[in-house]
1. If we keep just the residues of the range 53-64 that are modelled with pLDDT under 90 and either in contact with a helix residue (DSSP H, G or I) (Cβ under 9 Å, 6 or more places away or on another chain) or under 22 Å from K155 (Cα atoms) (or both), which is surrounded by the fewest Cβ atoms within 10 Å (Cβ to Cβ)?
2. In the range 30-52, which residue that is among the polar types (S, T, N, Q) and buried (at least 17 other Cβ atoms within 10 Å of the Cβ) is nearest to the chain's Cα centre (by Cα)?
Amino acid sequence: MEELLKILSLILISSVKFAVGPPMVYFNEKYDFTWLETNLYSILGGMIGVIIFMHFSEWLIELWDRVRLFFFKRKQRRNNLFSPPVADTSENIQIHYQYVDSTLPARKIFTPRNRRMVKLWRTYGLIGLAILTPILFSIPLGTFFMTRLEKNNRKILFYMFVSITTWSLLMTTVFELLHVRSFNEIIK
């Protein structure tokens with residue numbers, strides 16, 4: 001049972017913040033995974049995170065829009081000084097709603113973070129964003145931006161798999177070499 005909890009904790013940490021997963025194995029004495037096990041669990045966790053956040057990003061956007069709409073309407077009701085218009089006539093009235101503004105406030109399009117992501121996207125594309133996501137950004141944030149900018153989910157899965165695998169192999173190899181050297185120095 002304890003071994004299963006260790007495996008699940010490594011998978012869960014790797015699915016959200018990949019850069020913390022593999023080093024955690026080497027800095028925490030409780031984890032006694034081999035090099036291969038560390039790589040397999042980290043890659044599995046990273047890909048689970050990509051799949052989950054890729055499929056739920058649309059739902060999260062819709063939820064965020066509903067929350068914004070709820071609070072904006074509430075604010076609008078408080079600030080509304082006039083009652084709705086009333087027509088005192090017995091004739092049929094035709095009302096056209098084509099000039100009515102949207103109920104949602106306009107989103108900020110050019111925030112500093114959005115500018116950096118767009119600049120990164122224009123400079124390096126999907127490959128650059130996939131390479132930097134596991135280490136520099138978190139898996140949820142990088143996957144969210146990739147699903148906004150690229151509609152082909154297979155491409156996103158492929159590039160993220162290659163990136164997560166490469167980073168996992170690189171990090172576990174480096175930490176394995178550092179861990180073995182420090183252990184050998186203690187023995188000498």
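1. Of the residues in the range 53-64, the ones modelled with pLDDT under 90 are 55-64.
Next cut, either in contact with a helix residue (DSSP H, G or I) (Cβ under 9 Å, 6 or more places away or on another chain) or under 22 Å from K155 (Cα atoms) (or both) only: 55-61.
Numbers: H55: 12, F56: 15, S57: 17, E58: 11, W59: 9, L60: 12, I61: 13.
Per the criteria, the residue is W59.
2. Of all residues in the range 30-52, those among the polar types (S, T, N, Q) come to 34, 38-39, 42.
Those still in the list that are buried (at least 17 other Cβ atoms within 10 Å of the Cβ) too: 38-39, 42.
Working: T38: 22, N39: 21, S42: 17 Å.
Filtering first and then ranking leaves S42.
The values are calculated or read from the model by the stated rules, or taken from the named source; none is laboratory data. Bear in mind the structure is a predicted one, so any value in this text is a computation, not a measurement. Every residue, glycine as well, gets a Cβ built from its backbone with ideal geometry; the counts of neighbours run over all protein chains shown.
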